[in-house]
Amino acid sequence: MKSATRRADDLHMESARINEFARETSRAHGWYWQPISTAGTIATVLGCAWLMLLLYTDKDGFLLILDSVNLAIHEFGHPFFGIFGESLGLWGGTLMQLLVPLVLAGAFWRQRSALSMCIVGVWFFENFLNIARYVADARAQELPLVGGGEHDWANILSRHGLMDQDLAIASVVRTTGWIGMIACVLLAVALWYRQGGSEDEQNEHPPLPSAESGLK
């Protein structure tokens with residue numbers, strides 16, 4: 001009985017050493033992620049699905065809270081990038097819209113926080129829909145502009161002789177946004193599945209009793 005208990009304890013310790021070695025190897029090669037819970041993954045998928053449903057069904061394609069934040073970031077981008085020249089200042093609004101979520105996604109990647117990275121990734125690609133809406137308005141110029149300023153994309157496309165391609169370019173940008181958002185959600189699920197719910201499994205399968213506890 002003692003021998004069997006000791007063997008079981010040895011097997012458990014060996015398994016723990018192997019798992020720790022695998023984690024250290026993953027960290028060294030950049031494969032390691034913080035534990036991804038099943039509940040967190042489900043919440044992420046449902047939340048992102050709800051967001052995409054709102055984006056798909058909204059009539060004007062402008063979600064008040066989220067796109068108001070995007071608009072504020074966009075407007076800040078013009079004077080910020082304008083420091084480096086007029087041309088970059090013209091692109092600055094669009095660049096800042098993409099740069100802010102991209103930097104946040106990079107920060108979460110460095111922290112190995114998979115779900116946070118994927119959620120911010122969805123926000124990054126949601127901006128593509130907002131940008132596509134602006135691009136598609138280059139000729140019509142029906143969208144209300146903050147402060148009644150110039151139309152960024154009308155200027156950008158006219159400078160490059162692409163004004164008559166505004167709808168086609170907008171379609172490509174919009175499609176990229178949808179594909180990117182869906183890909184981020186699938187990535188979250190894939191990383192959870194690959195990790196195998198390590199934290200959950202440890203809770204469901206507690207360690208085997210030690211030899212000392214077996215003798216009590």
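Does any residue of the stretch 43-63 turn out to be under 17 Å from Glu126 (Cβ atoms), assigned by TED's automatic domain parsing to the domain that holds Val135, touching a Cys at 6+ places or on another chain (Cβ under 8 Å) and surrounded by 17 or more Cβ atoms within 10 Å (Cβ to Cβ)?
yes
Going through the stretch 160-171 one residue at a time, which ones are without any contact (Cβ under 8 Å) to a residue 12 or more places away in the chain and part of a helix (DSSP H, G or I)? Step through it out loud before you land on a result.
If we filter the stretch 160-171 for residues that are without any contact (Cβ under 8 Å) to a residue 12 or more places away in the chain, which is where we start, we get 160-162, 165, 168.
Listed by number, the residues that qualify are Gln165, Ala168.
Suppose we filter Val135, Val100, Val45, Val122 for residues that are in contact (Cβ under 8 Å) with a residue 12 or more places away in the chain, under 19 Å from Asp166 (Cα atoms) and part of a helix (DSSP H, G or I); which single one remains? Show your work before the answer.
Numbers: Val100 fails: under 19 Å from Asp166 (Cα atoms); Val45 fails: under 19 Å from Asp166 (Cα atoms); Val122 fails: under 19 Å from Asp166 (Cα atoms).
It is Val135.
Residues Ala170, Ala154, Ala140: which one is at pLDDT below 95, surrounded by 12 or more Cβ atoms within 10 Å (Cβ to Cβ) and under 25 Å from Gly61 (Cα atoms)? Show your work before the answer.
On the way: Ala170 fails: at pLDDT below 95; Ala140 fails: surrounded by 12 or more Cβ atoms within 10 Å (Cβ to Cβ).
Among Ala170, Ala154, Ala140, only Ala154 is at pLDDT below 95, surrounded by 12 or more Cβ atoms within 10 Å (Cβ to Cβ) and under 25 Å from Gly61 (Cα atoms).
The values are calculated or read from the model by the stated rules, or taken from the named source; none is laboratory data. Note that the structure is predicted; figures quoted are calculated from it, not measured. When we count neighbours, we look across all protein chains shown, and the Cβ atoms used for this are built from the backbone with ideal geometry, even at glycine.
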